[in-house]
1. Counting other C-beta atoms within 10 Å, and keeping those with at most 13, which DSSP coil trypsin sites (Lys or Arg not before Pro) do you find in region 293-322?
2. How large is ³J(HN,Hα) for each residue in region 430-447, as worked out from phi by the Karplus curve 6.51 cos²θ - 1.76 cosθ + 1.60 (θ = phi - 60°), to whole Hz, x for Gly and Pro?
3. HN-Hα J couplings of region 122-138 from phi, Karplus 6.51/-1.76/1.60, θ = phi - 60°, integer Hz, Gly and Pro as x?
4. How would region 522-662 be classified by its alpha-carbon gyration tensor: rounded, prolate or oblate, with rounded meaning a/c under 1.5 and the a/b versus b/c comparison settling the rest?
5. Using alpha-carbon positions, what is the distance between the centroids of region 172-237 and region 532-597, in Å?
6. Once amide H atoms are built 1.01 Å from N in the peptide plane, which residues 5 or more positions from Ser221, or in another chain, come under 5 Å H to H?
7. From the square roots a ≥ b ≥ c of the eigenvalues of the alpha-carbon gyration tensor of the chain, which class results: rounded (a/c under 1.5), prolate (a/b over b/c), or oblate?
8. Along the charge dipole of the chain, Cβ charges K/R +1 and D/E -1, which of Asn197, Ile519, Val347 sits furthest on the positive end?
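Rule-based calculations on the coordinates, nothing more; no lab input. From a predicted model like this one, the values you see are computed outputs, not experimental measurements. Using ideal geometry, Cβ is built from the backbone for each residue, glycine included, and neighbour counts are taken over all protein chains shown.
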Amino acid sequence: MDRRQAEQRIAELSRELERHNHLYYVLAAPVITDQEFDRMLKELEDLEKAFPEFASPNSPTQRVGGDITKGFPTVPHRYPMLSLGNTYSREEVEEFVARVEKAIGPTRYSMELKYDGVAISLTYKDGELVRGVTRGDGEKGEDITANVRTIRSIPLRLQGEGWPKDFEARGEVIFTKKQFEKLNAQREKEGEELYANPRNTAAGTLKQQDPKEVAKRGLDSFMYSLQGEGLPTRSHFENLEHAHAWGFKTPDPKKRYIDRATDAAGIMAFIDHWGQHRNELEMIIDGVVVKVDDLDVQDELGLTAKSPRWAMAYKYAPEQAVTKLLGVTFQVGRTGAVTPVAELDPVQLAGTTVKRASLFNADQLDRLDLHQGDMVRVEKAGEIIPQVVGVEIAKREPGAQRVSFLHDCPECGTPLIRLEGEAQHYCPNEHGCPPQITRRIEHFVSRRAMDIDGLGAETVQEFHAAQLIGDVADLYDLSVDRILALGKGWKEKSAEKVISGLEKSKQVPFDRVLFALGIRHVGETVAKKIARGAMSMERLMSMTKEELVGIEEVGEVIAESIIDFFAVPGNQRIVERLRQQGLRMEMEASEGPASDKLKGLSIVVSGVFRTFSRDGIKEAIERNGGKVSGSISSKTSYVVAGEGMGPAKRAKAEELKVPVIDEDELTRMIEG
Ligand code: IVH
């Protein structure tokens, strides 16, 4: 294929892929299969690799996330991003309408949903997305364009016609309820703390430095206004319809996500409708926004200090239910964290039946001052996770016992500890507290970790109760005979299945072994990054906090957690036994990082290395674009010196002024 053909094909594939992306993510009406989509995307990727001069930052290939961003520059908004006054009552809606009418006479209003997410401003020039900026303080925000490009319902190139040459689309970035629940279900599996609510999670996600991570989380969007010269009409409502035709996800009038009215009664009918049906929506809303529809009338009404006179927000009070507290239980997690849970008389709330609600920690318990049998008020945080928000004190039975936090672990009786600066209590009896032990082993054998066939939670508990296993390394000392000796319905075949599952798990790659250990804060994704950053268990165990923080996505909390984990002699012993039992404790060279960080460098290696085999170090250099050469010359860029490098070589390097580095320095060059 020549350049001209490639350019044409790239343009054609990009257009088609964006069209299918739009059909899928904006209209929810795909016309091709995922496989067909992936095939086209692969073709485009290959072409862009072969002809990088035709790769655009708005190519559909960028949807999966581009390079890491270091910090987000602050940029001014061309038009300030205003906020709205909130109201909670019918009277205030009537007052708003009266104020508007007094100023400019009868007019038409647009009512739409108030999405509970994060405001975003998107600038389009010549139909291409050029910038995505957060609201910030309203005057200036942060440029998060690379992350915005990964949001599938935001068009990178506009369709149709009639868009102004240079304009802004504004809207809200959100997680749908379904996607948020999916994210949390995954975190629960990984033993990670759950996200508290979709809005904060969306805000946190948009500030991630790795756009690939943003792409994986599955953010969505709704656009609610256009700003700029030369908009198609002078009606806000109709402009949004145009925006829809250009490819934006906008509120659908057919679903009544947006509607118009000419008086307070019409506005209230919309508000009441969604007040009753908001649980049925795919996303969370916290109210309704009412806007004067005519842009010229908007201009005439103008602004007060902070918010426009032509718009207002009606906020729904969060739905609450009152129910009886049946008791408080305390759960011990795999990391030893003890969480109080309110057991409730089942009650309907915002579309689901609520039976339990997390009470988070001792502070929260104190704040609520719960007593046995209290009637408690329950709300959903971000409308998803049930939370006890208060007590009906007047209904408290006289003499009811106050619920207090525990001093000792409910499972093993060990006195609980509370780390400085943390709200959680922990049971420190890591190796003796039954639920901690079994949950750690359950995590270890789970599908995303070691994926051991034939071993589920129940079997783990059975083996533990029978004292066959006390830690994860004991699993590999099991034998068919020892399992059969349990009796209880064990058959040769099922016992063999367990043993062969364990045997097979010895091939599981290092990053999953690391994840399987269940180090606090080390989830699946972070484990991958750490495995690539450290390359081996041995190196990881000797890394300092500074070195750990140098790994992508590893902050102080994770670094400290890793250091604490390996500081425990019991953990060191387990890792050592797992190594002897044949589990993989290093990355294969082919799993290591691939980059062009060493491009153009000619590197000589000499001696024996701590963290690399002889071939491994060569492969690592080559995979990162460097060239390995056998002898030192004036063209050599670096000599990597291992133990036992001869003095003659060192002298030669000095003579030719070739820098001599050690293997850690090389690793830093590759990772840095
Ligand atoms: S209009 C001047 N419409 O609510 C008008 N805002 O204080 C500016 N929001 O942070 C906003 N849904 O991000 C508008 N349909 C909607 C909205 C909406 C949610 C957010 C917005 C802003 C806050 C308003």
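1. Filter output for region 293-322: Lys306.
2. Once rounded to whole Hz, the list reads 3, 9, x, 8, x, x, 5, 5, 5, 5, 5, 5, 4, 5, 4, 7, 5, 4.
3. 10, 9, 10, 10, 6, x, 10, 5, 10, 7, x, 10, 6, 5, x, 8, x
4. The shape class here is prolate.
5. Centre-to-centre distance over Cα atoms comes out at 32 Å.
6. Answer set, sorted by chain and number: Ser153, Ile174.
7. oblate
8. The residue sitting most towards the positive pole is Ile519.
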